[in-house]
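The values are calculated or read from the model by the stated rules, or taken from the named source; none is laboratory data. What you see is a predicted model, and the numbers here were worked out from it, not measured in a lab. No Cβ is skipped: glycine too gets one built from the backbone with ideal geometry, and neighbour counts run over all protein chains shown. Areas reflect the complete protein model, heavy atoms only, side chains present, ligands, DNA and RNA absent. Shrake-Rupley method; radii C 1.70, N 1.55, O 1.52, S 1.80 Å.
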Amino acid sequence: MASLFSGMGPYCLNNFCDALEMPSIHQKTFNTIMKRFYSQNQRLLEEIFSKAASMVCKELIRLYSLDVTEEDVTDISGSYDGSWPTQGHKPQIGIGCMIDVVTGLVIDGHVCSLHCHTCAQSGEFVRSTPLVGSVRSTSKDHRG
């Protein structure tokens, strides 16, 4: 897990394991674990953002004494904020959040990546600019 969070990739993980005289894993095994982890992470993100949107709808109904159901609330005022953290170098990852104005809850969030280690190792394309709009990263198209 730590190698996935740090962006190490399978080769650096294997070098790390070799230095500690630990058994290493094959790249296909690493990629299988990575895909399973990101799939579970995607489901969790969707669940959290869905709950946040539901809470926003409930609060709007309560605050404005509306006589409607949650499904009838279609307009939510929000603010978008994003950043490409640099810390003295060219950033490879950007983040963005859609924040509800009334509650302050994050109702959607995205991470953009200009580089995918798996794509770089497999010879697939690497984007020089992120795609606009959807951004949860996958190894194929660098968007969600």
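Worth pointing out:
- With each label modelled as a point 7 angstrom along the Cα→C-beta vector, the residue 51-residue 108 pair spans 2.1 nm.
- Anchor residue 35: aspartates and glutamates whose Cα lies under 18 Å away (excluding residues fewer than 8 positions away in-chain): 46, 124, 141
- Nearest-10 value in Å² for the accessible area of residue 49, using the 1.4 Å probe: 30 Å²
- Residues of segment 1-106: accessible area per residue with a 1.4 Å probe, Å²: 73 Å²
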